[in-house]
Amino acid sequence: MKIFLDSANLQEIKEAISWGAIDGVTTNPSLVAKERREFFPLLKEICATVNGPVSMETIARDAAGMVEEGRTFAKLHPNIVVKCPLTKEGLKATRQLTSEKIRVNVTLCFSATQALLAAKAGAYFISPFVGRLDDISSDGMGLIRDIKTIYGNYPFSTQILVASIRHPLHVVEAARLGADIATMPFSVLEALVKHPLTDAGLERFLKDWDQLPAEAKAWKVTTR
Ligand code: E4P
């Protein structure tokens, strides 16, 4: 399963890349707005930093506007994937952009029927929002299970990008279900690394090492 970082923050993106942890980035208007920076230079910088797809969402509400914005985004950098919302207008725009070989991430997906229609429109990624479904007492991961089954029944090439991830168990479950990608905020990515037994184990190893006399600890590489 690929891992994407759900962030428009360059510091976080660079840090996650330095761990070898991420394969791409997703952003949305809320995440970009948080950065308080000029939009296009920021987007270009993110694309130049990440060696993989970078999703950015259109702002227009009508298909013609989304298509126009999508074309402009796509010209910025080859890593761009245009995000269109799962509305009738978004599906129209997806169909058009896809016919122009521009990759589309259909976002704000909350049902299996929506995911089916996105695949039919030619979406490159479908983004079901599991956390927001859990928030309203619906089964977010159940939706991933349904989409996986439906896509598996037919020759769709749309990749399932699990979005709105809130905690590590969402990531584990996404991988168990065979999702193509999980996108998550930096805080969740950090939580994937941490384990109290790793910290305690390391602490113990280093304490034990400190017991060794200084002479015994010294080593040097001898060359002939
Ligand atoms: C995905 O592409 C979205 O940007 C994101 O996952 C939304 O997550 P949220 O529900 O935590 O805002």
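The values are calculated or read from the model by the stated rules, or taken from the named source; none is laboratory data. Being a predicted model, the structure only gives us computed values, none of them experimental. Here the Cβ is made from the backbone with ideal geometry for all residues, glycine too, and neighbour counts use every protein chain on show. These area figures cover heavy atoms from the full protein model, side chains too; ligands, DNA and RNA do not enter into them. Shrake-Rupley method; radii C 1.70, N 1.55, O 1.52, S 1.80 Å.
Could you work out [θ]222 nm for the chain from helices alone, using -39500 (n - 2.57) per DSSP H run of at least four and dividing by all its residues? Round to the nearest 500 deg cm²/dmol. Walk me through the intermediate numbers first.
On the way: 12 runs with 119 residues, N = 224.
For the chain, the value works out to -15500 deg cm²/dmol.
Hey, got a sec? Which trypsin sites (Lys or Arg not before Pro) in the stretch 108-203 land in a DSSP loop and have at most 12 other Cβ atoms within 10 Å?
In loop regions of the stretch 108-203 (DSSP not H, G, I, E or B), the sparsely surrounded trypsin sites (Lys or Arg not before Pro) are Lys194.
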Subject >> Whole-Hz ³J(HN,Hα) from phi, Karplus 6.51 cos²θ - 1.76 cosθ + 1.60, for the stretch 89-98, glycine and proline x >> reply: 5, x, 5, 4, 5, 4, 4, 5, 4, 4
Subject >> Cα gyration tensor shape for the stretch 89-212, rounded if a/c is under 1.5, else prolate or oblate >> reply: prolate
**OP:** Could you please state how large a percent of the accessible area of the stretch 1-158 is carbon and sulfur, counting protein chains only and using a 1.4 Å probe?
**Re:** 51
Original post:
Going down the list Lys2/Lys34; Lys14/Lys194; Lys44/Lys101; Lys75/Lys120; Lys14/Lys217, which pairs span over 27 Å between their C-alpha atoms?
Top reply: Lys14/Lys217
Subject >> Estimated FRET transfer efficiency when R0 is 30 angstrom, pair Ser157-Asp62 (beta carbons, to 0.05) >> reply: 0.65
Original post:
Expressed in nm to one decimal, what extension gain is obtained for the pair Glu203 and Phe39 from 0.36 nm per residue of sequence separation less their Cα-Cα distance?
Top reply: 54.6 nm
**OP:** Evaluate E = 1/(1 + (r/R0)^6) for Trp219 and His77, where r is the Cβ-Cβ distance and R0 equals 45 Å; express this FRET efficiency to the nearest 0.05.
**Re:** 0.40
Original post:
Dipole of the stretch 58-140, Cα-centred, from +1 at each Lys and Arg C-beta and -1 at each Asp and Glu C-beta, to the nearest 20 debye?
Top reply: 360
